[in-house]
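The structure appears below as structure tokens.
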Amino acid sequence: MNIQKLFPSLLVETPRVILDKIVEHNTIINQKSKAVVSLHLTTGLFLEGSPIKINVENSIVVLVSGEKISYVKIADIACISIINFVRFVDILTDDTYFEVKDELVPTPLELKRIQRQIEEYLKNTFSVTLVNTALEEVKDSKIEKFQMQQFFSSLLQSLKNIGSYKAGKEALETVSVLTIASTINKLNVKKNAEGNLELEVNFKEKFESDFNKQLENKLEESL
């Protein structure tokens, strides 16, 4: 993992917020890789273990290490250190950071071929023209090229789902142009003054687990 690339995505939060995220991770059923932390207390003590539970009412965190269990007042925690933190980047970046293996990254040519398939589907099925201003922008980034490929798959499936019923097909047929643009913000789909669809997608950050459903819902709402 490239640690330098990870830094911009790291959360800067209080020990309590980080603890909440770690406990949520550690209490997942069948979680094989529990996060281990070192707690530095205001009393000068150091405790190490896996946080497994927080009592919200009295602000106590339960820490387990082997056959030892500790109950710690959260107010006494001055600092929290995470052991082997690179194994838990999903916790520390709100699941926005990820790396892609080279063999999974499509080439610019492969992306153009996939886009051509979508262009043909839109034109032949709904008489819609596709304009993608983001394709050129992602060509130098492995993550963004990978994200673009995932997006293309989600977009095509969403369009097929919407076009499979009468009202959806008729709504898509009223659109002349579908534009794709990159953004640093969350996914956004809107219909402009000309009645055309504009999709803004953040290709730099990892798509949420329900991205496919989000995209389809936003398309339907905009139509």
Checklist entry - Could we say that Leu159 is in a strand (DSSP E or B), farther than 20 Å from Asp94 by Cα and either at pLDDT 95 or above or touching a helix residue (DSSP H, G or I) at 6+ places or on another chain (Cβ under 6 Å) (or both) here? => result no
Checklist entry - How many residues are in contact with a Lys or Arg (Cβ under 8 Å, 6 or more places away or on another chain) and either open to solvent by 90 Å² or more (accessible area, probe 1.4 Å) or assigned to a loop (DSSP other than H, G, I, E, B) (or both) when one looks only at segment 176-190? => result 2
Item to check | Lone qualifier among Ala193, Ala167 - being of a type outside the set (Lys, Arg), without any contact (Cβ under 8 Å) to a residue 24 or more places away in the chain and assigned to a loop (DSSP other than H, G, I, E, B) | outcome: Ala193
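If the requirement is being open to solvent by 30 Å² or more (accessible area, probe 1.4 Å) and not in a helix (DSSP H, G or I), which of these qualifies: Asp140, Asp90?
Working: Asp90 fails: not in a helix (DSSP H, G or I).
Asp140 is the lone residue from the list that is open to solvent by 30 Å² or more (accessible area, probe 1.4 Å) and not in a helix (DSSP H, G or I).
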Checklist outcome for this item: Taking segment 102-117 and the residues there that are touching a residue at least 40 places away in the same chain (Cβ under 8 Å) and part of a helix (DSSP H, G or I), the one that is nearest to the chain's Cα centre (by Cα) would be Leu104
Next on the checklist: Any residue that is in contact with a Ser or Thr (Cβ under 7 Å, 6 or more places away or on another chain), at negative phi, of a type in the set (Val, Ile, Thr) and open to solvent by less than 30 Å² (accessible area, probe 1.4 Å) - is there at least one of those in segment 31-40?
Outcome noted: yes
Checklist entry - How many of the residues making up segment 197-213 are modelled with pLDDT of 95 or more, more than 21 Å from Pro8 (Cβ to Cβ) and open to solvent by less than 50 Å² (accessible area, probe 1.4 Å)? => result 2
Checklist entry - Out of all the residues in segment 6-18, is one or more touching an Asp or Glu at 6+ places or on another chain (Cβ under 9 Å) and over 20 Å from Ile91 (Cα atoms)? => result no
Checklist entry - Which of the residues spanning segment 2-41 are within 12 Å of Ile82 (Cβ to Cβ), in a loop (DSSP other than H, G, I, E, B), out of contact with any Lys or Arg (no Cβ under 9 Å at 6 or more places or on another chain) and among the hydrophobic types (A, V, I, L, M, F, W, C)? => result Leu10, Val36
Next on the checklist: Which condition from (1) open to solvent by 60 Å² or more (accessible area, probe 1.4 Å); (2) touching a His at 6+ places or on another chain (Cβ under 8 Å); (3) touching a residue at least 40 places away in the same chain (Cβ under 8 Å) is the one that Glu99 breaks?
Outcome noted: (2)
Item to check | Tally, over segment 42-85, of residues that are surrounded by 15 or more Cβ atoms within 10 Å (Cβ to Cβ), not β-branched (Val, Ile, Thr) and not in a helix (DSSP H, G or I) | outcome: 6
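The values are calculated or read from the model by the stated rules, or taken from the named source; none is laboratory data. No experiment lies behind these values; they were computed from the predicted model shown. We place every Cβ from the backbone using ideal geometry, glycine too, and count neighbours over all the protein chains shown. Heavy atoms of the whole protein, side chains included, go into the accessibility calculation; ligands, DNA and RNA do not. Shrake-Rupley method; radii C 1.70, N 1.55, O 1.52, S 1.80 Å.
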